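Contents: one structure, followed by commentary.
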Amino acid sequence: MTGKRIERRDLIVNTASSTRTIAFLGDYLPRKCGIATFTSDLLGAVAAHRPQSHCFAVPVNDIEGCYRYPDVVRFEIEEQDLESYRCAADFLNSSDVDVVSVQHEFGIFGGPAGSHLLTLLRGLTAPVVATLHTVLRTPNADQLRVMRELIAHSTRLVVMTERGRNLLREVYQAPMGKIDLIPHGIPDVPFAAPDRYKEQFGVSGKKVLLTFGLLSPNKGIEHVLNALPDIVAEFPDVVYIVLGATHPNELRTRGDSYRLGLEALVKKNKLKNHVMFHNRFVELKELTEFIGAADLYITPYLGEAQITSGTLAYAFGAGKAVVSTPYWHAAELLADQRGVLVPFADPAAIAREVSGLLRDGARRHAMSDTAYQLGRAMVWSKTAGRYMRSFEIGAAEGAAATQNTAIGVQRADMAA
């Protein structure tokens, strides 16, 4: 199957106007994954920030058939079909786009280490601004090859952390002048006490701990469940909410075994009255309400090499005190006592730090206030402005490169 073009009359762009046409390539809602949420939020934020721009999406499908996409989707790529990527390049070239915003994660594109994407980039005439959701310190041979070619084909590179920028330079030899550091965007929500939201979730009067996101074994939630008996011994009014459906890829390969294992651990640890599972993918409004109800947010992830976490950014920016393992994004965002870091897979440390914050309300509230104030620089309206600057620079640099190429060809012809 090749890519699917979605015909829309309003795709016609007045090339005489100054309107920029921006295509966003990556997963897209209603596909359930972090990249889909990010791409959808970024497109919406850029469109709101620059109403005269023309934004559309080109998502990647990982299932037979397709998702029920909104009208902003104009072309669909079939993940494992190489010809689909060639057709996508042709479609983008015919759409007169000024810049293509590529959301890059190895696992969302077909081929070894997502190498099918390179076929699209080789055929693309528009400049590319690539947002790198994963930057590995020790890539394998395929990942290194794909990253280096992606860097070569991109006019600008966007990372969300300082560590990501350093890794691009040190591991992949990316030019520093090509890299833009733009924090993960977050919804702009008012600062409010957790009690305002607790009643609707049946946890009024409780101390609420929260972890949210699509579930898979690398989330480390079992270590919080093993920490809870010690926490509950001191704070019998604690409730731990685990919000999120099992990751679709996990469901396809191993079913719901991880969640069932967590539920068995709740029973074993006699935590029935202290743990609530919400097995669903929630929309933004309800998600912000769940976050609002939390006294503490916990990310017990098991892998260090996570350069970006949207769930962490959302919770921190909403003004939550956070206890987290020291994966890369958390280590950077929560440094200087902006949050609390605990060793990987260490229930005793989780119990000690969570209980300490529940015991010390002044410290917890100060951490919460600091997080919320810092989060104002991460709201989508400001993030969109930074992306627009990156897009504009990318478009200008791409136009200059095209002009220089044309001049070089003309001089060669004259010399001949």
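If you count only protein heavy atoms with a 1.4 Å probe, what accessible area per residue comes out for region 128-216, rounded to a whole Å²?
Details: 3670 Å² over 89 residues.
Value for region 128-216: 41 Å² per residue.
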#### Entry: Solvent-free Debye scattering, log10 I(q)/I(0), computed from the Cα coordinates of region 83-124 at q = 0.14, 0.16 Å⁻¹
-0.30, -0.39
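Kindly rank 258-269, 227-238 from highest to lowest mean number of other beta carbons found within 10 Å of each residue. Present the calculation step by step, with values, prior to reporting the outcome.
Details: 258-269: 15.7, 227-238: 17.7.
Output ranking for 258-269, 227-238: 227-238, 258-269.
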### Summary
Over region 276-348, the quotient of the Cα radius of gyration and 2.2 N^0.38 Å is 1.11
### Query
Given Cα pairs under 8 Å that are at least 6 residues apart, what percent is the relative contact order of the chain?
15 percent
### Task
Report the antiparallel proportion of the DSSP beta bridges in the chain as a percent, rounded to a multiple of 5.
5 percent
### Query
How far is the Cα center of region 217-238 from the Cα center of region 243-267, in Å?
17 Å
### Query
From a point 7 Å beyond the Cα of ASN218 in the direction of its Cβ, which residues of region 99-132 have a backbone N at a distance under 11 Å?
106-107
#### Entry: Rounded, prolate or oblate (a/c below 1.5 giving rounded, otherwise prolate when a/b exceeds b/c) for region 124-192 by Cα gyration tensor
prolate
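Over all directions, what mean area does the Cα convex hull of region 184-293 project, stated in square nanometres? Each step should come with its number before you reach the end.
Working: hull surface 30.5 nm².
Mean projected area of the Cα convex hull: 7.6 nm².
Kirkwood hydrodynamic radius, region 67-144, all distinct C-alpha pairs: what's the number in Å?
Hydrodynamic radius (Kirkwood, Cα only) of region 67-144 equals 13.5 Å.
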### Summary
Counting only protein heavy atoms with a 1.4 Å probe and every protein chain in place, the carbon and sulfur fraction of the accessible surface of the chain in whole percent equals 52 percent
### Task
Rounded to the nearest Å, what's the spacing between the alpha carbon centres of region 277-350 and region 164-202? Just the number, please.
11 Å
## Note on the structure
Taking Cα atoms, the helix 361-375 axis meets the longest principal axis of the chain at an angle in degrees (rounded to 10) of 10 degrees
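Please work out the ratio of the alpha-carbon Rg of region 237-277 to 2.2 N^0.38 Å and round it to two decimals.
Compactness ratio reported: 1.28.
For every other residue with a beta carbon closer than 15 angstrom to the beta carbon of MET276, add +1 if it is Lys or Arg and -1 if Asp or Glu, then tell me the sum.
Values: positive: LYS198, LYS206, LYS207, ARG259, LYS267, LYS272, ARG280; negative: GLU199, ASP237, GLU263, GLU286, GLU289, ASP295.
Computed value for this residue: +1.
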## Note on the structure
Expressed in angstrom and rounded, the centroid-to-centroid distance over alpha carbons for region 132-152 and region 27-89 is 22 Å
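May I ask you to compute the full-extension gain from GLN200 to ALA152, defined as 0.36 nm times their residue separation minus their alpha-carbon distance, rounded to one decimal in nm? Could the numbers behind the result be given before it?
Working: separation 48, 0.36 × 48 = 17.28 nm, distance 5.05 nm.
Result: 12.2 nm gained on full extension.
Dipole of region 179-243, Cα-centred, from +1 at each Lys and Arg C-beta and -1 at each Asp and Glu C-beta, to the nearest 20 debye?
120 debye
Restricting to DSSP H runs of at least four residues, report the calculated mean residue ellipticity at 222 nm for the chain, -39500 (n - 2.57) per run over all residues, nearest 500 deg cm²/dmol.
On the way: 15 runs with 185 residues, N = 416.
Calculated from helices alone, the mean residue ellipticity at 222 nm is -14000 deg cm²/dmol.
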### Query
Going highest first, how would you order 310-317, 334-341, 174-181 by mean Cβ packing within 10 Å?
310-317, 334-341, 174-181
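The values are calculated or read from the model by the stated rules, or taken from the named source; none is laboratory data. Only a predicted model underlies this, so the values are computations on that prediction, with no experimental measurement involved. Quick reminder, even Gly has a Cβ in these numbers, built from the backbone with ideal geometry, and neighbours come from all protein chains shown. Note: areas computed on protein heavy atoms with side chains; ligands, DNA, RNA excluded. Shrake-Rupley method; radii C 1.70, N 1.55, O 1.52, S 1.80 Å.
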